[in-house]
Each structure stands twice: as C-alpha cells, then as structure tokens.
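Novice: Supplied in structure tokens, the structure appears directly below.
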Amino acid sequence: MKHREISLSTGGKDVCSQRDCGKTPKRSLPRKRAEKSGVLDLPGSSRKVNLCSECYSLYKKSTKKNRTLESLGTNPAYR
C-alpha cells in the first residue's frame, strides 16, 4: 500500500489566516465554519484556518447565538 507524504507544517507561515493580521495563531477551525461567521476575511482555499486570539474572539462573538441554538437543537438551519 502506498502512503502519501503529509506535511503537517504550514510551510513557514505561522501567522493568523485573517487578512492583514499577521499575529501568532492560537486556534484552528474548519474554513467552512469560519466563513459562516461573516466577520472574517479569509484569503486562500485551505481546509483549515489559523486564528490568533483576537480574531478567534471575533469569531466566537459573531457565532454565539447560532452555537447556543445548535446546542439546544433548535437551530432552523439544521432542520
């Protein structure tokens, strides 16, 4: 069986994925989930995005209502 080589590094780019941020990332999220927030400007097409603590808090604030509804099972977007 052939195995693919997977590079776990970000190619020397250890910065936040938010446009014009450039800080050290603290968390990573799936791109689709981060783009649903609508407050982040994420260039590129990678599957995951790295966010610094400030950008992550913006994401958390903008998705608080949806996350609460989802945890209660009453989010109409998932019906």
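The values are calculated or read from the model by the stated rules, or taken from the named source; none is laboratory data. As the structure is a computational prediction, the values presented were derived from the model and not from experiment. Glycine also receives a Cβ, built like all others from the backbone with ideal geometry; neighbour counts cover every protein chain displayed.
Novice: Is it the case that GLU70 is in a helix (DSSP H, G or I) and at pLDDT below 90? Talk me through it step by step, then tell me what you get.
Specialist: Values: in a helix (DSSP H, G or I): yes; at pLDDT below 90: yes.
So GLU70 fits the description; yes.
Novice: Out of the residues in the range 43-67 that are without any contact (Cβ under 8 Å) to a residue 24 or more places away in the chain and either under 10 Å from GLN18 (Cβ atoms) or within 8 Å of the chain's Cα centre (by Cα) (or both), state the one that is surrounded by the most Cβ atoms within 10 Å (Cβ to Cβ).
Specialist: LEU58
Novice: Which of the residues that make up the range 1-42 are over 25 Å from THR68 (Cα atoms), of a type in the set (S, T, N, Q) and either surrounded by 13 or more Cβ atoms within 10 Å (Cβ to Cβ) or modelled with pLDDT of 85 or more (or both)?
Specialist: Correct list: THR10, SER17, THR24.
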